[in-house]
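What follows is a set of notes on a single structure, which appears directly below.
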């Protein structure tokens, strides 16, 4: 019986294109952002504050600014795949550095009993975006990382 499948060892490491690695990292970061904001709804007083208009995003401009900010990591999931290498590399470096700094700032300033989960997520997100920067920095030619 003839098979068109290539026999490979299931535990064999497959070389993954850098664009796919960056996209996967941005997808993971985006999930952490969503989880952090979702779990923050369980912090006592948070929902009531939102209902009363006593939140950070208490006007249309701030809400739109936050929407723009969080659109970037979600867009980086697809942009990391579709953009040409030079712009892709620099966009990942710049956005990765920016979001690493933002999340480290949040980790330092959000420390409280009820937001320890938020600090944890901010640290994980910072590690992931730092890895993005590192991969993009080491990206020397199309699809290859010089490690």
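Among the conditions (1) surrounded by fewer than 12 Cβ atoms within 10 Å (Cβ to Cβ); (2) under 17 Å from residue 137 (Cβ atoms), the only one that residue 52 does not satisfy is (2).
Evaluated against (1) touching a helix residue (DSSP H, G or I) at 6+ places or on another chain (Cβ under 7 Å); (2) surrounded by 16 or more Cβ atoms within 10 Å (Cβ to Cβ), residue 43 falls short on exactly one condition, (2). Pairs needed: first member in the stretch 54-70, closer than 24 Å to residue 100 by Cβ; second member anywhere, part of a helix (DSSP H, G or I) and at pLDDT 90 or above; C-beta distance under 6 Å; at least 6 residues apart or different chains. Qualifying pairs under 6 Å: 57/63; 57/66.
When the helices (runs of 4 or more DSSP H) confined to the stretch 34-147 are screened for residues that are modelled with pLDDT of 95 or more, those reaching at least 2 such residues are found at 60-82, 85-109, 116-138.
The values are calculated or read from the model by the stated rules, or taken from the named source; none is laboratory data. Note that the coordinates shown come from a computational prediction; the quantities given were computed from them, not determined experimentally. Reconstructed Cβ throughout: ideal geometry from the backbone, glycine too, with neighbour counts over all protein chains shown.
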